[in-house]
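The values are calculated or read from the model by the stated rules, or taken from the named source; none is laboratory data. This is a predicted model, so every value here is computed, not measured. Here the Cβ positions follow ideal geometry from the backbone for every residue, glycine too, while neighbour counts run over all protein chains shown. For the accessible areas, the whole protein counts, side chains as well, though only heavy atoms, and no ligand, DNA or RNA atoms are used. Shrake-Rupley method; radii C 1.70, N 1.55, O 1.52, S 1.80 Å.
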Amino acid sequence: MRSASPSAFLLPKCLGRLERAMRNTLLTLFLYALSIGAADRKPNVIIIFTDDQGSVDLNCYGAKDLVTPHMDSLAKRGVRFTQFYAAAPVCSPSRAGLLTGRYPVRAGVPGNVPSKKGGVGMPASQVTIAETFKAAGYATAHIGKWHLGYTTQTMPNAQGFDHSFGHMGGCIDNYSHFFYWNGPNRHDLWRNGKEIFEDGNFFPELMAKEAGKFIEQNKDKPFFMYFALNTPHYPYQGYAKWLKHYKNLPYPRNLYAAFVSTYDETIGQLLATLDQHGLRKDTIIVFQSDHGHSHEERAHFGGGSSGPYRGAKFSMFEGGLRVPAIISWPGKIPEGEVRHQIAHSCDWLPTLTELAGIKLQQKDIDGKSLTSVISNAGAQTPHEILHWQIGRGRQPRWAIRQGDWKLIGNPQDTSNKAPLTAKDKLFLVNLKQSVSEMKNLAQANPEITRRLKKLHDDWAAENAK
Ligand SMILES: [Ca+2]
């Protein structure tokens, strides 16, 4: 049943026209005063960062075979990007780019950091988005995967997070919380630097529970939460009901799909918690995958999808880098709209500080605010050029995009769409002509290739330390 509006109670029909007009004016003034009060409150910020979710693996990005109502609800109530890039096609550098607003090589994380206790990660000298929001009086929380350092100095509590819950390495089994990559097998679950045990409890559910507690405790003051889901990163551990639902999909898509719909429910739980506390309109939510889907053995050699794009996790082709990305703030930014401008995950830091009206602490970042793009479909992308690089030394993998042209150095096609030869060490594409990146245009366009190569070389030399 729809509830009656307040004015229906305030304005019985027997009142005269003048009296009704006066009451209407009073009501308007009251609502205006309320809105001023609301404007004084800084918005909460939640970044939902998924792990190895393919470029098109939710309905609103074109997946026809997946059930993802909660992720899609963010797009319905926000702005969805079609040319949004991860800072890197692997976990740690991608996270470093998100949290510092800097290209990963400039954030001291050129590749994956160790997943073993004592492993050094992102230098503590880097200023994170959590430190920025904390300085502005926010309560800050990391919930989920970290993978940016396993020493006291590089764990979340030392990088601006008041509260931290989750695993420090790259991946875990979701029920035992043991590292799931190689031996020796070891347990990896922590709360604020203390090892804890939740044997048998499904990790995404523990995350939702922890987030619920944090929101409850901080519902009356602004909070910043980095909700870093470790899914659908292997091991694929979807609920039995979803495995049954997808039983007719081909293997391993069925396993991957079940896992995606499982954590879509986790996101639903998080959104429901916000709604229960009436915080949805006071909360900016960013949703993004850390990079493309995996073709590793532990991921059954696939399951995710990059749709029309070539490549996957580890690859500088679009399938490794182009990710689903959404921002939602109901009532404050457009809803149900799509943006095609080029953007990348380093942009969230300056975008979110501008939207929240807080001071950017970082002086030297590579991200640029997307607020004009978010509010205006016709605005220019703030980026003339974007860079990527994984690793250092003689054979780093890198890419540069300038306008529609993109040059990839030492490319790797983890999606195995076609073989690459020695002639493809420099791989040039024009993304306006074709997003599939199947044809190397370098030989036919030597000048463009030289120009982009020089732009990359100059940038790499500047950041060679
Ligand atoms: Ca990942």
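Residues Ala258, Ala299: which one is crowded, with 24+ Cβ neighbours inside 10 Å and out of contact with any strand residue (DSSP E or B) (no Cβ under 7 Å at 6 or more places or on another chain)? Answer to the check: Ala258. Outside any loop (DSSP other than H, G, I, E, B) and over 22 Å from Pro232 (Cβ atoms) - does that describe any residue in segment 62-69? No, that holds for no residue.
Test Ile326 against the criterion of being modelled with pLDDT of 95 or more, surrounded by 18 or more Cβ atoms within 10 Å (Cβ to Cβ) and over 26 Å from His456 (Cα atoms), and give yes or no. For Ile326, the condition - modelled with pLDDT of 95 or more, surrounded by 18 or more Cβ atoms within 10 Å (Cβ to Cβ) and over 26 Å from His456 (Cα atoms) - is met. One residue alone among Gly183, Gly170 is among the small types (Gly, Ala, Ser) and either more than 16 Å from the ligand (Cβ to nearest atom) or more than 22 Å from the chain's Cα centre (by Cα) (or both), and that residue is Gly183. Taken together, Gln288, Gln269 contain a single residue that is open to solvent by 40 Å² or more (accessible area, probe 1.4 Å), within 19 Å of the chain's Cα centre (by Cα) and either within 16 Å of the ligand (Cβ to nearest atom) or in contact (Cβ under 8 Å) with a residue 24 or more places away in the chain (or both), which is Gln269. One residue stands out in segment 77-108 among those that are more than 13 Å from the ligand (Cβ to nearest atom), on the phi < 0 side of the Ramachandran plot and in a loop (DSSP other than H, G, I, E, B): the one that is least open to solvent (accessible area, probe 1.4 Å), namely Tyr103. Among the residues making up segment 74-97, a single one is under 20 Å from Thr151 (Cα atoms) and in contact with a strand residue (DSSP E or B) (Cβ under 7 Å, 6 or more places away or on another chain): Pro93. Within segment 98-135, the set of residues being farther than 16 Å from Thr151 by Cβ and either in contact with a Phe, Trp or Tyr (Cβ under 6 Å, 6 or more places away or on another chain) or among the basic types (Lys, Arg) (or both) comprises Arg102, Arg106, Ala130, Phe133, Lys134. When Gly304 is tested against (1) under 18 Å from Ile342 (Cβ atoms); (2) within 13 Å of the ligand (Cβ to nearest atom), only condition (1) is not met. Residues in segment 159-174 that are in a loop (DSSP other than H, G, I, E, B) and either touching a Phe, Trp or Tyr at 6+ places or on another chain (Cβ under 6 Å) or surrounded by 21 or more Cβ atoms within 10 Å (Cβ to Cβ) (or both): Gln159, Gly160, Phe161, Met168, Gly169, Gly170, Cys171, Asp173, Asn174.
Assess whether Asn410 counts as being in contact with a Lys or Arg (Cβ under 7 Å, 6 or more places away or on another chain) and over 18 Å from Leu321 (Cβ atoms). Considered against the rule, which asks whether it is in contact with a Lys or Arg (Cβ under 7 Å, 6 or more places away or on another chain) and over 18 Å from Leu321 (Cβ atoms), Asn410 comes out as no.
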